[in-house]
Amino acid sequence: MSKPKPKVRKEVISMSKQGLEERIQNFNEVAFGYAEEQAVAEAERCLQCKKAPCVKACPVEVDIPEFIRLIKERRFDEAIKKVKEKNSLPAICGRVCPQEEQCQADCTMGKIGDPISIGRLERFVADWGRERGYEISQKPAPTGKRVAVVGAGPAGLTVAADLAKLGHEVVVFEALNKPGGVLIYGIPEFRLPKAIVEAEAEYIEKLGVTIKTNAVIGKLYTVKELLESFDAVFVGTGAGLPHFMRIPGENLCGIYSANEFLIRVNLMKAYKFPEYDTPVWVGKKVTVVGGGNSAMDSARSALRLGADEVWVVYRRSRKEMPTRLEEVENAEEEGIKFKFLSNPVRYFGDERGWVKGMECIAMELGEPDESGRRRPIPIKGSEFVIDVDTVIVAIGNTANPLIQQTTKGLEVTRWGTIVIEEETGKTSKEGVYAGGDIVSGVATVISAMGAGKRAAKAIHEYLTKKEKANNTK
Amino acid sequence: MKEGATSLYKIVTKQELVPHINLFEFSAKEIAAKTKPGQFIILRVDEKGERVPLTMTGADAEKGTITVVCHEVGKSTKQLGQLEEGDCILDLLGPLGKPAEIEKFGTVLCIGGGVMVAPLYFQAKAFHEIGNRVIGGIGARTGDQLIFENEMQEACDELYVSTDDGTRGCKGLGFLEELLKERKIDRVVTMGPILMMKMVSELTRSQDIPTIVNLIPLMVDGMGMCGACRVTVGGRTMFACVDGPDFDGHQVDFEELMTRLKMYSPQEKLAFVFYEEDGSSS
């Protein structure tokens with residue numbers, strides 16, 4: 001009855017990386033993308049199954065089988081258009097999305113071999129398009145409605161792109177000197193080249209969006225003032241406030257928050273000091289505290305900046321680390337060492353006020369806590385001291401508080417995040433929407449983009465409804 | 001409200017106050033409309049520049065300008081000093097930090113040193129305008145380094161001048177001890193070198209006079225994201241950029257502040273050397 005199926009390759013087409021010796025000495029991107037032939041070969045592995053579990057697991061619902069089919073047929077131009085229908089930042093998502101937990105997790109091919117490397121294909125087609133310059137199809141007729149977006153991170157840029165495509169006038173207010181949010185200040189060059197973030201932001205500007213940098217909302221204008229000249233406001237200000245542990249000696253010289261360290265290195269390009277003016281101090285014995293992506297990014301950056309030894313100290317075990325597995329592997333490959341089930345309790349300084357030692361306590365894992373991970377419990381009397389000259393505290397960030405402090409009637413949680421209606425991003429204040437880390441606390445780039453997409457849809461409906469109500473008056 | 005795409009920020013006035021200390025008036029309409037005394041801006045001269053925090057000296061909402069006074073102490077400030085009227089800088093961000101508490105306290109003593117006399121004037125004027133009696137005390141290393149004397153003369157009911165070497169006015173802070181003994185002072189505001197603010201805070205402590213210090217430690221973003229500017233106040237860690245820049249001088253750990261301020265001294269020197277060499281070779 002059934003035709004004999006052609007034999008499918010079960011193994012993923014691998015993507016080459018910069019050699020180890022070389023890459024730990026530079027900030028260039030570690031992974032090279034697929035070449036055309038490699039991309040087509042990987043695309044040919046896709047079974048084009050009807051179920052498409054990949055699409056269901058994508059927070060922005062990219063039509064994955066279809067763009068892969070177009071790659072297979074070498075119709076790259078159409079493939080990138082297909083991706084861009086749903087995802088305005090594909091070159092970024094192709095690099096930093098946790099595909100193994102999302103689109104690739106339930107891939108049908110994964111049941112008999114390696115799942116299709118959707119991330120690498122997305123990256124390939126996005127780079128293909130970017131190198132040739134994105135074309136903007138006909139601009140839609142202006143609706144006459146204006147939307148202010150606060151924060152040019154993944155959530156804000158997504159909202160801006162989606163609303164501009166619908167003909168609304170969008171102004172994005174960004175507090176830093178460049179758009180991109182965490183993509184520009186947080187994720188290092190070797191994982192996400194900044195030229196790519198700049199190109200994606202330029203594409204969004206080509207859609208008609210105005211991006212206004214150096215504009216701190218809450219200081220320059222309040223949300224209330226924005227509502228006087230905009231029909232709606234989207235708040236995507238992120239989680240940028242660093243946690244410290246509040247333990248003795250934490251203000252010694254040589255101790256950074258991961259945010260400070262990464263902002264210096266990424267946004268201010270301190271790795272190119274003194275060509276660039278902003279310096280970053282990195283000693284010989286660096287310890288990074290924490291187990292998330294920022295911890296891995298800090299550790300790998302410190303290594304590239306000349307540290308002899310870099311340790312990651314994490315209070316739980318390897319299994320509970322919130323970072324992507326791929327990042328731990330990359331870090332280990334590069335020579336980063338891990339000290340699990342340990343937590344700093346205080347720091348010692350030298351006579352000049354610089355950190356020289358870190359006292360840790362060993363931990364054991366108890367019952368799972370509200371995060372579902374087993375709670376770390378200190379073991380009495382297990383203290384030990386390690387020599388350090390640089391410490392990077394990467395234990396997470398909380399919500400940026402400025403908008404919440406300056407906006408009356410905006411409901412917030414006890415963690416300072418903004419309360420929204422999940423499906424729409426609607427806040428307690430009329431015309432004000434929110435999404436991304438400012439709502440969820442630190443999460444992923446793609447989940448922020450998903451939230452942005454939902455909010456854009458809801459804002460469009462809100463503006464359309466408002467228009468109709470005005471017309472019938 | 002009108003908002004265009006990001007544009008460069010133009011220097012509308014540049015005035016050399018004394019050698020290596022310049023006053024800059026920048027065109028920055030939106031910032032000017034919101035600025036209050038005590039707040040600061042962060043500027044960046046060009047694409048490779050660092051973010052430089054400067055406490056504002058004034059803002060003119062009608063004219064749409066803000067004013068800062070900058071002392072050339074390193075590469076970035078020197079580079080700014082090379083610019084002329086009509087030139088532009090790449091980034092200008094503000095107003096940052098909490099505004100100073102400007103209320104009717106009675107007699108306010110404003111003590112300023114070095115380049116910080118200029119932003120202190122912004123506060124002294126505001127205190128005076130709402131009916132405080134304002135006593136000023138301004139100083140510099142030597143007489144010819146003194147700035148904003150005429151402005152302070154206008155803003156204060158009385159003005160004392162002091163220099164480290166005694167070339168103008170009294171020598172050192174001796175006049176302050178006498179003032180504190182003889183007068184009833186309700187509030188002290190001090191801006192200047194950390195050592196000076198520390199000494200002022202120590203002098204007022206015994207009489208329990210509320211003493212406000214304005215702190216601009218090392219900063220990167222200036223919006224609470226990096227924590228480089230953390231200072232210990234009353235045993236708690238605060239971020240000068242968002243919790244300050246004004247703090248209770250009796251609660252500040254000045255030793256820690258001075259140590260942290262020196263963290264990048266070797267790099268600052270290196271950058272300066274490179275800059276100077278570049279300048280002489282071109």
Problem set entry | Probe 1.4 Å, all protein chains present, accessible-area order of B:Lys198, A:Lys72, largest first | A:Lys72, B:Lys198
For this session: Run the 1.4 Å probe and let me know the accessible area of A:Glu100, rounded to the nearest 10 Å².
Result: 80 Å²
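Scan region A:349-434 for GluC sites (Glu not before Pro) in coil per DSSP, keeping those whose Cβ has at most 15 other Cβ atoms within 10 Å, and list them by number.
The qualifying sites are A:Glu351, A:Glu370, A:Glu383, A:Glu411, A:Glu422, A:Glu423, A:Glu430.
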Problem set entry | Solvent accessible area, Å² - A:Arg123, 1.4 Å probe, full protein context | 20 Å²
For this session: Could you tell me which of the pairs A:Lys272/B:Lys198; A:Lys194/B:Lys29; B:Lys63/B:Lys98; A:Lys269/B:Lys269; A:Lys145/A:Lys408 are separated by over 29 angstrom between their Cα atoms in the structure shown?
Result: A:Lys272/B:Lys198; A:Lys194/B:Lys29
For this session: Summarise the accessible area of region A:331-473 (1.4 Å probe, protein heavy atoms) by the percent that is carbon and sulfur.
Result: 51 percent
For this session: Output ³J(HN,Hα) for region B:83-88: one whole-Hz value per residue in order, computed from phi by the Karplus curve 6.51 cos²θ - 1.76 cosθ + 1.60 with θ = phi - 60°, and x for Gly and Pro.
Result: 6, 10, 3, x, 6, 10
Problem set entry | Candidate residues A:His243, B:His20, A:His168: accessible-area rank, largest first, probe 1.4 Å | B:His20, A:His243, A:His168
For this session: Would you mind classifying chain A by shape? Square roots of the alpha carbon gyration tensor eigenvalues, ordered a ≥ b ≥ c; an a/c under 1.5 is rounded, otherwise it is prolate if a/b is larger than b/c and oblate if not.
Result: oblate
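Out of the trypsin sites (Lys or Arg not before Pro) in region A:1-62, which ones are loop residues according to DSSP with at most 12 other C-beta atoms within 10 Å? Please list the in-between numbers first.
On the way: sites: A:Lys7, A:Arg9, A:Lys10, A:Lys17, A:Arg23, A:Arg45, A:Lys50, A:Lys51, A:Lys56; in loops: A:Lys7, A:Arg9, A:Lys10, A:Arg45, A:Lys50, A:Lys51.
Here the sparse-neighbourhood loop sites are A:Lys7, A:Lys10, A:Lys50, A:Lys51.
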Seminar exercise, completed: Contact-by-burial set, region A:234-253, min loss 10 Å², accessible area of protein heavy atoms with 1.4 Å probe, reference chain alone, gives A:Gly240, A:Leu241, A:Pro242, A:Phe244, A:Arg246, A:Asn251, A:Cys253
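State the percentage of accessible surface on region A:89-166 attributable to carbon and sulfur atoms; use a 1.4 Å probe and exclude ligands, DNA and RNA. Could the numbers behind the result be given before it?
Numbers: 1400 of 2870 Å².
On region A:89-166, the fraction of accessible area on carbon and sulfur atoms equals 49 percent.
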Seminar exercise, completed: Classified through the alpha carbon gyration tensor (a ≥ b ≥ c as square roots of its eigenvalues; rounded if a/c is under 1.5, else prolate when a/b is larger than b/c, else oblate), region A:387-473 comes out prolate
For this session: Sketch the reach of a paramagnetic label on B:Asp144 as a point 7 Å from Cα along Cα-to-Cβ, and name the residues of region B:55-84 whose backbone nitrogen lies under 18 Å away.
Result: B:72
Exercise. Where only protein heavy atoms count, and the probe is 1.4 Å, what is the accessible area per residue for the protein assembly as shown in Å²?
Worked result: 43 Å²
Exercise. Given H placed on each backbone N at 1.01 Å, which residues far from B:Thr65 in sequence or on other chains put an amide H within less than 5 Å of it?
Worked result: B:Ala28, B:Asp60
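Taking the Cα centre as origin and putting +1 on Lys and Arg beta-carbons and -1 on Asp and Glu beta-carbons, what dipole magnitude results for chain A, to the nearest 20 debye? Intermediate results must be reported in sequence, preceding the final value.
Values: 69 positive and 66 negative charges, 247 e Å.
Once rounded to the nearest 20, the dipole reads 1180 debye.
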Seminar exercise, completed: Heavy-atom accessible surface buried between B and A, both sides counted, 1.4 angstrom probe, nearest 100 Å², is 4300 Å²
Exercise. Reachable aspartates and glutamates from A:Lys111, Cα under 16 Å, same-chain residues fewer than 8 places away excluded?
Worked result: A:Glu11, A:Glu100, A:Glu101
Exercise. Going through region A:231-321, which GluC sites (Glu not before Pro) have at most 16 other Cβ atoms within 10 Å and a DSSP loop state?
Worked result: A:Glu275
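Where the accessible area of region B:11-78 is counted over protein heavy atoms with a 1.4 Å probe, how much of it, in %, is carbon and sulfur? Walk me through the numbers on the way to the answer.
Details: 1190 of 2490 Å².
Carbon and sulfur: 48 percent of the exposed surface of region B:11-78.
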Exercise. Can you list the residues of region A:88-113 with backbone N under 12 Å from a point 7 Å past the Cα of A:Val8, pointing along Cα to Cβ?
Worked result: A:107-113
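The values are calculated or read from the model by the stated rules, or taken from the named source; none is laboratory data. What you are looking at is a predicted structure, and each value in this text was computed from that prediction instead of being measured. Reconstructed Cβ throughout: ideal geometry from the backbone, glycine too, with neighbour counts over all protein chains shown. Ligands, DNA and RNA are excluded from the accessible area calculation, which covers all protein heavy atoms including side chains. Shrake-Rupley method; radii C 1.70, N 1.55, O 1.52, S 1.80 Å.
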